[in-house]
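What follows is a single structure, written as structure tokens, with notes after it.
Read-outs: derived from the displayed coordinates by stated rules, not from any lab. Everything numeric here is computed off the predicted structure, so don't read it as measured data. Don't worry about glycine lacking a Cβ; one is built from the backbone with ideal geometry, like all the others, and counts go over all protein chains shown.
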Amino acid sequence: MDIMNISSNFMRAIVSKIIKRAVRKKGYDAEIKLNEFTAKFENGEAMVHMSIDATMNQKELLKLLKEVGLS
């Protein structure tokens, strides 16, 4: 089993920026802060745990919820 754990502030900031860019490409304006990231790889499968804080206005949240079918 291989494990990847991102815990340093520097790496979390870089990954947060990457996630923020991906979210922006989808059409949402949000501030993203990655708190924790752990991935375990075993038998060709990845098990991922992420803790993320996102800040966005209510309009953006409602737009996101509608797109995923929760509104």
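Some points to look at:
- Candidates Ala54, Ala22, Ala46: whichever shows maximal mean-square fluctuation once the chain is modelled as a Gaussian network with Cα springs under 10 Å: Ala46
- Computed [θ] at 222 nm, deg cm²/dmol, the chain (DSSP H ≥ 4; -39,500 (n - 2.57); rounded to nearest 500): -12000 deg cm²/dmol
- Debye log10 I(q)/I(0) at q = 0.13, 0.16 Å⁻¹ for the range 2-67, Cα point scatterers: -0.44, -0.63
- Each of Gly44, Val15, Ala30 was placed along the dipole of the chain (beta-carbon charges, centred on the mean Cα), and the one lying farthest toward the positive end is Ala30.
- Taking the C-alpha atoms only, the angle from helix 9-25 to the longest principal axis of the chain is near 40 degrees.
- Which of Arg21, Arg12 has the fewest Cβ neighbours within 10 Å, and the rest in rising order: Arg21, Arg12
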